[in-house]
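Structure record follows, encoded as structure tokens.
The values are calculated or read from the model by the stated rules, or taken from the named source; none is laboratory data. Every value quoted in this text rests on a predicted model; they were computed, and no experiment measured them. Here the Cβ positions follow ideal geometry from the backbone for every residue, glycine too, while neighbour counts run over all protein chains shown.
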């Protein structure tokens, strides 16, 4: 669990647990019966079924266990809310209370066994839900909500109680929301709003309030899932369900802790396949956690970096603030696919345009320079001394007459422009009223995205409240920063889904011949020597230098002759993590006498440092190239992860690395390299030739295959340095460290 205050248990999804135990996989997945190849080579699921939550959100009948209408009782307000909600959705509500004949005029059952019909949903307003769950199992209830707190969020005793509750739920066949949740799913949703809707998932009900309030600004919300502690139903279940709903245009999430990493990725993959954008606040950035791994790789990425990379890998748009969550989800739900990626800035002030252009460019948006012909067209209505190349500065006066609309239409007519951003830093009626009306009218007549930033702190002006908010075609923001980040997310999302291919479809399901060789090298609970770790790499087709392991000075001289001078000599032992720091590496040896002396020095240092050796490696000396690091670490949430970054002795100082969660394809491996700050080194700098990037990508993919096949048995792998030679010459692993679980 990462950064959760709700005590989410990392026990895995119900489907993942069933498959892992070799039991019947259960219902159909992706519209077909579950099959044996639903697991990848590591034993993790490749598909997830979509839970049928229709009867949860729209039940025909509801039981409220612990219902009350007594004044001053906490359950009374909750019962009143449920009665009102049931009336709105047309559900029959049955109160349950052992001592009451009726509640709010409705006949009351003394226990769930006396309910007059089989109900779809039971809401439990009792402090100890476990006995009730066991009773409900006999009545074939489909869904239950546990409102009570005091479970995993309170510590070990509460976690144990939640484990018992989860076990009872799994035995019963009931799907459970909670515990430690609320009734946000049963709020009053406006039914007078149209257009694509936002579906909301939150672990904290209060944190979902700002998104729910978007309805007052005319934004449609379809569902709200407050997942709480996720003893059974989790974020991934609702994500999969919402991704299949035709009315959902975007999914907004507030996540404190993910219950099961693979389940979340499978759900995000489903949304990506369907092109449904997912926007998420994931708390826990400051709890990345220090690693005590022996490898360099393990120190390069903390838990939050892995979460961040996993979300990016499957197109989940991560934002920091609830205001960003509102604005980005709204834009993604409403905006049509982009017609072009170019962004035009249009303002009445040169200063405003320059500020907006700076922020947009820094965010990575493309601000194309408008053609000479387009600039000449704009100068028909804008004075010649004003800049119209992009940003377009109209000087103010044209917005008050017919010229304003002509300027907007001319900009939108440019084929390079897909998005128009117009910042209005403050109201200046009547000109600002005319400006926003022209923008709204232009937006109604184009497929392109029109964004307006209404910067007034007041927000009560008719131009904003009535004109801008009255239009579903204009994307309206209150801050320029949120507008730019939302536009970037919009363009990134469509770029991502346009070429998306699910990595789960191509994930390996059966072990390769390399796996059998690797199994013979594994030593459970031990760190392998460099020689053994390189044999592991060689088993997976990763190139290593010519080398021999020797145990005498004479053998070292013979090995040097076979390997070929100059040579490198290194002490090799299972407990040696960082040889350079101990002086256990000698490079550039060119004669037999140097080899003999180096052997004695290395063994003397090892004795002095009390380091056990299995021998000394005499290695081929590889020509200079770009030093990289490629490795595997084990994340508690997602399992094996693969990291690539700038390597060498300064790897932990530079901390320039990218991480991915297997499975991933060649495109993602290239994306990892693009994320590196030092990416330019691979392209050749200061007269050096370009590096063999294709060979580096191949190593990353082979290391991924190793991570998948060895799975949880390989705790860490550190290939550092991996020297990437000039283009066409490959890559060579000069050193390697491997730790078995």
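So for region 185-198 (the condition being more than 23 Å from residue 86 (Cα to Cα) and surrounded by fewer than 22 Cβ atoms within 10 Å (Cβ to Cβ)), does at least one residue qualify? Scanning region 185-198 turns up at least one residue that is more than 23 Å from residue 86 (Cα to Cα) and surrounded by fewer than 22 Cβ atoms within 10 Å (Cβ to Cβ). Each residue in region 364-379 was checked for being in contact with a helix residue (DSSP H, G or I) (Cβ under 8 Å, 6 or more places away or on another chain) and either modelled with pLDDT under 95 or loosely packed, with under 15 Cβ neighbours inside 10 Å (or both), and 1 of them qualify. Could you check, for region 184-197, whether at least one of its residues is assigned to a strand (DSSP E or B), touching a helix residue (DSSP H, G or I) at 6+ places or on another chain (Cβ under 9 Å) and not assigned by TED's automatic domain parsing to the domain that holds residue 84? Checking region 184-197: at least one residue is assigned to a strand (DSSP E or B), touching a helix residue (DSSP H, G or I) at 6+ places or on another chain (Cβ under 9 Å) and not assigned by TED's automatic domain parsing to the domain that holds residue 84. Note on region 668-692: residues that are free of Cβ contacts under 8 Å to residues at least 24 places away in the same chain and in a helix (DSSP H, G or I) amount to 4. Filtering region 73-124 to residues that are crowded, with 16+ Cβ neighbours inside 10 Å and assigned to a loop (DSSP other than H, G, I, E, B) leaves 91, 97, 100, 104, 108, 115, 119, 120. Being in the same structural domain as residue 464 (by TED's automatic domain parsing) and out of contact with any helix residue (DSSP H, G or I) (no Cβ under 6 Å at 6 or more places or on another chain) is a description that applies to residue 396.
Across region 587-615, what is the total count of residues that are assigned to a strand (DSSP E or B) and at pLDDT 95 or above? The qualifying residues number 1.
Would you call residue 169 assigned to a helix (DSSP H, G or I), in contact with a strand residue (DSSP E or B) (Cβ under 8 Å, 6 or more places away or on another chain) and within 25 Å of residue 67 (Cα to Cα)? Please lay out each step first, then the result.
Values: assigned to a helix (DSSP H, G or I): yes; in contact with a strand residue (DSSP E or B) (Cβ under 8 Å, 6 or more places away or on another chain): yes; within 25 Å of residue 67 (Cα to Cα): yes.
So residue 169 passes the test.
Having 2 or more residues that are modelled with pLDDT of 95 or more and within 16 Å of the chain's Cα centre (by Cα) is the bar; report the helices (runs of 4 or more DSSP H) wholly within region 241-321 that clear it. I'd like the intermediate steps shown before the answer.
Details: elements: 261-274, 297-300, 303-313.
So the answer is 261-274, 303-313.
Criterion first (buried (at least 18 other Cβ atoms within 10 Å of the Cβ) and assigned to a helix (DSSP H, G or I)) does residue 695 satisfy it?
Numbers: buried (at least 18 other Cβ atoms within 10 Å of the Cβ): yes; assigned to a helix (DSSP H, G or I): yes.
In short, yes.
Checked against (1) touching a residue at least 40 places away in the same chain (Cβ under 8 Å); (2) closer than 19 Å to residue 478 by Cα, residue 439 passes all but condition (1).
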